[in-house]
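Just below is one structure, and these are the notes that go with it.
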Amino acid sequence: MADILYTYKNQVYVNLTNECNCRCTFCIRNQEDAIGEAENLWHKTNPTLEEVLEAMKQFDFTGYTELVYCGYGEPTCALDILLATAKYAKDTYGLTIRVNTNGLGNLYHGRNIVPELAGAVDAVSISMNAPDAEGYMKVTRPKYPDAYEKMLEFASLCRDSIPSVKLSVVDVLPEEDIAECRRKADAIGVELRVRHFTD
Ligand code: SF4
């Protein structure tokens, strides 16, 4: 069975699903079968709620304060399991909850999922990836033609109801592109995080 929980750089991650609604050119899944302490992040079948809960019960959270939903797939594609297990982890282990997402959950579910997320998570990090829709479509290759605009809309909806909301880009982008990303993030009142490529 693939790893459901794994650690990387002193953080605990949940590998909830291998489903994703993007095909990013840079996706780590195209290069390796695992990261951090995980051995294999490819599920034969995506885990059930019971399997994720069991993995949490088996894990020793001593010394960890945050649980991050971010594995070999898009966590909001398994929204029900994400919400239920995040609430369990928060109530049982006192962990804060972060979701690393492509921000396309509203498009995937055909409704605004932010109120549901707001009831279960403390932080959301949304991959912005590019300063405009054209660049975004080229690198993330999402299933939806209006993905860039909806990703930014998702970020602004999160801003109003989730304590920590960040848009993220990787520092391989040219400086002028990062500046434009920052301008767009500022315009919707969300902090931009510039990540190192190796993060
Ligand atoms: S959104 Fe994440 S998991 Fe999905 S293809 Fe892009 S990098 Fe990979």
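Looking across segment 92-116, the residues that are outside any helix (DSSP H, G or I), closer than 20 Å to Ser168 by Cα and of a type outside the set (A, V, I, L, M, F, W, C) come down to Thr96, Arg98, Asn100, Thr101, Asn102, Gly103. Within segment 41-61, the set of residues being closer than 22 Å to Pro142 by Cβ and touching a residue at least 40 places away in the same chain (Cβ under 8 Å) comprises Trp42, His43. Filtered by the rule that a residue be in a helix (DSSP H, G or I) and either touching a residue at least 24 places away in the same chain (Cβ under 8 Å) or among the acidic types (Asp, Glu) (or both), segment 123-135 gives Glu134, Gly135. Considering the conditions (1) within 16 Å of the ligand (Cβ to nearest atom); (2) within 29 Å of Phe197 (Cα to Cα); (3) not aromatic (Phe, Trp, Tyr), Val12 is excluded by exactly one of them, (1). The residue that is surrounded by the fewest Cβ atoms within 10 Å (Cβ to Cβ), among those in segment 8-57 that are among the small types (Gly, Ala, Ser) and under 18 Å from the mean Cα position of the chain (by Cα), is Gly36.
Scanning segment 72-91 for residues that are part of a helix (DSSP H, G or I), within 16 Å of the ligand (Cβ to nearest atom) and surrounded by 21 or more Cβ atoms within 10 Å (Cβ to Cβ) turns up Pro75, Thr76, Cys77, Ala78, Leu82. For the residues Tyr69, Tyr108, Tyr64, the requirement of being away from the ligand (no atom under 16 Å from the Cβ), touching a residue at least 40 places away in the same chain (Cβ under 8 Å) and not polar (S, T, N, Q) singles out Tyr64. A single member of Val169, Val165 is within 16 Å of the ligand (Cβ to nearest atom), under 18 Å from the mean Cα position of the chain (by Cα) and either of a type outside the set (Ser, Thr, Tyr) or not in a loop (DSSP other than H, G, I, E, B) (or both), and it is Val169. Filtering segment 114-132 to residues that are away from the ligand (no atom under 16 Å from the Cβ), surrounded by 15 or more Cβ atoms within 10 Å (Cβ to Cβ) and either within 19 Å of Pro163 (Cβ to Cβ) or of a type in the set (A, V, I, L, M) (or both) leaves Val114, Glu116, Leu117, Ala118, Ala120, Val121, Asp122, Ala123. Exactly one residue out of Lys150, Lys138 is part of a helix (DSSP H, G or I), within 16 Å of the ligand (Cβ to nearest atom) and surrounded by fewer than 17 Cβ atoms within 10 Å (Cβ to Cβ), and it is Lys138.
Scoring Pro75 on the criteria (1) in contact with a Leu (Cβ under 6 Å, 6 or more places away or on another chain); (2) farther than 23 Å from Ile126 by Cα; (3) not hydroxyl-bearing (Ser, Thr, Tyr) leaves a single failure, condition (2). Reported count of residues in segment 22-42, each being out of contact with any Pro (no Cβ under 6 Å at 6 or more places or on another chain) and within 13 Å of the ligand (Cβ to nearest atom), is 13.
Residue check: Ile178 meets all listed conditions (1) aliphatic (A, V, I, L, M); (2) over 18 Å from Tyr13 (Cβ atoms); (3) crowded, with 20+ Cβ neighbours inside 10 Å but one, namely (3).
Every number in this text was worked out from the coordinates using simple rules, so none of it is lab data. In this text, all values refer to a predicted model and were calculated from it rather than measured experimentally. Don't worry about glycine lacking a Cβ; one is built from the backbone with ideal geometry, like all the others, and counts go over all protein chains shown.
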